[in-house]
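The values are calculated or read from the model by the stated rules, or taken from the named source; none is laboratory data. Fair warning: this is a prediction, and the values are worked out from it, not measured in the lab. Note: ideal-geometry Cβ built from the backbone for every residue, glycine included; neighbour counts use all protein chains shown.
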Amino acid sequence: MPDSQTRIAGALYAVFPRAVSPATLAEYGIDANPAQAQRLTRELLSLSLFWARGAVEVVLPPKDVARILDTLRARVAESWDVELGLAGQDRTAYFAEQEERGRTYQAIIKKGGEPIAVVSEAAALLVHEGVVRPEDRGKVLALLTDLTPVDELGEVIQEIEEGS
């Protein structure tokens, strides 16, 4: 499993969005400073990790899921400063925050919420934390919906299933 866990984690990470650029923000009509852009990147990363976890849980046994997620988190940590543009951000605090976000998102799904409800919660959190203005909530919702790789993660998992 070690080679396949690295391969699977790599395939999942490959579809994750990278640092949110000023040009991308401008496409959505979002005016954000560098700290806000980093926070948006972190939320996209949290959503991506949440959906990646859910995807691998569907097709793999729990011990394999844990190993793949550990490998995936290690890959994120390696990419933190440059690819993800999160230099200066505390990785340890982020991963604790991400786990909490995952529990919040999982509760939405368990109550029958659709993926858009999860993304809506993420956008609401960003407004609540003052990362974006309340009037930009819809723009942030569109950005998160468009850039969270739900379909792509599903394709990776389908390839894993077909290769089993």
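What to note about this one:
- Residue within the stretch 72-94 that is part of a helix (DSSP H, G or I), farther than 20 Å from Gln5 by Cα and hydrophobic (A, V, I, L, M, F, W, C) present: yes
- Flag for Asp90 being within 16 Å of Val15 (Cα to Cα) and out of contact with any helix residue (DSSP H, G or I) (no Cβ under 9 Å at 6 or more places or on another chain): no
Residues checked against (1) under 14 Å from Ser46 (Cβ atoms); (2) modelled with pLDDT of 95 or more; (3) in contact with a Cys (Cβ under 8 Å, 6 or more places away or on another chain):
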| site | (1), (2), (3) |
| --- | --- |
| Glu114 | no, no, no |
| Val118 | yes, yes, no |
| Leu141 | no, yes, no |
| Leu147 | yes, yes, no |
| Gly154 | no, no, no |
| Ile157 | no, no, no |
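- The set of residues in the stretch 114-149 that are over 17 Å from Ser21 (Cα atoms), among the β-branched types (Val, Ile, Thr) and surrounded by fewer than 18 Cβ atoms within 10 Å (Cβ to Cβ) comprises Ile116, Val127.
- Scanning the stretch 57-71 for residues that are aliphatic (A, V, I, L, M) and either in a helix (DSSP H, G or I) or touching a Phe, Trp or Tyr at 6+ places or on another chain (Cβ under 6 Å) (or both) gives Val58, Val59, Val65, Ala66, Ile68, Leu69.
- Close pairs from the stretch 45-57: first within 14 Å of Tyr94 (Cα to Cα), partner crowded, with 23+ Cβ neighbours inside 10 Å and hydroxyl-bearing (Ser, Thr, Tyr), Cβ under 7 Å, at least 6 apart: Leu47/Thr148; Ser48/Thr148; Phe50/Tyr105
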